[in-house]
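Before any comments, here is the structure.
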Amino acid sequence: MTIAIETDAAEGERSLAKAMLNGVACRCPRCGKGKLYRAYLKVGDSCSVCGETLSHARADDFPPYIAIFIVGHVLVGWMLHAEMAGPVDPMLYVWTMIPAAILLPIVMLPSIKGAVVGLQWAFRMHGFAGKRAAEGLGSDQ
Ligand SMILES: [Zn+2]
C-alpha cells in the first residue's frame, strides 16, 4: 500500500499575471497549453494537457461589465474625436459605431472571460484551491 502525500509545493505558487495572460490567450491558466473553452465562452471541464479542473470557473457577469466598460470608452472617445474634427454625417455613426458596438464585445469577451478565470484560478477561488482547501487545509475559505 502506498500513501500519496500531497504538499502545497505540488500545487505550486500561482502567478496572477501568468494565469491572466494565459486566460487572455484562451488557454488553461495553469499550463497555458490546453484550451480553456470547449465552445464560445463555455469553459471546458478540465484541461486536456495538464488535467487541471476548469469547471470551477464562475465568471458570471464580470466579463460583460469589463467589455462594456472598454467598448464604451473606445466608442465615446472615437465619437468625441470625430465631433471635434468637424461636422460629422450622422450616418457615419450608424455605419461604423453600431457594428463596432456589436462586434467588439463579441471579439473581446473570450479573452476577458479567460483573464477573469485566470484571476480566479490564481487566487484559488471557487474550488480552484485544489486538494488543500478540499481537505480543510486551505486558508481562503
Ligand atoms: Zn492545463
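Read-outs throughout are calculated quantities, based only on the coordinates presented, and are distinct from any laboratory measurement. Remember, predicted model here, so these are calculated numbers, not experimental data. Because the Cβ atoms are built from the backbone with ideal geometry, glycine has one as well, and the counts that use them run over all protein chains shown.
Per residue of the range 120-127, what does 6.51 cos²θ - 1.76 cosθ + 1.60 with θ = phi - 60° give for ³J(HN,Hα)? Whole Hz please, x for Gly and Pro, Karplus curve as stated.
These are the phi-based 3J(HN,Hα) values: 4, 5, 5, 8, 6, 8, 6, x Hz.
Using the Kirkwood radius over C-alpha pairs as Rh, can you work out the diffusion coefficient of the range 17-72 via Stokes-Einstein at 37 °C, viscosity 0.692 mPa s, in µm² per second?
279
Sort the range 1-130 into rounded, prolate or oblate with this rule: let a ≥ b ≥ c be the square roots of the eigenvalues of the Cα gyration tensor; rounded if a/c is under 1.5, and if a/c is not under 1.5, prolate when a/b is larger than b/c, oblate otherwise.
Prolate shape, in that a/c is at least 1.5 and a/b is the bigger ratio.
Compute the relative contact order of the range 4-139 as a whole-number percentage, counting only Cα pairs closer than 8 Å that sit 6 or more residues apart in sequence.
Relative contact order, the range 4-139: 35 percent.
Could you give the nm distance between label points at M125 and D89, where each point is 7 Å from its Cα heading toward the beta carbon?
Taking the simple label geometry, M125 and D89 are separated by 4.6 nm.
Applying the Karplus parametrisation 6.51 cos²θ - 1.76 cosθ + 1.60 with θ = phi - 60° to the phi angles of the range 82-94, what ³J(HN,Hα) value in whole Hz is obtained for each residue in order, glycine and proline being reported as x?
Whole-Hz 3J(HN,Hα) from phi for the range 82-94: 5, 5, 6, 6, x, x, 10, 5, x, 5, 4, 5, 4.
Amide H to amide H, which residues 5 or more places from Y37 or on other chains are under 5 Å from it, using H placed in the peptide plane?
Amide H neighbours of Y37, under 5 Å, 5+ apart: G44.
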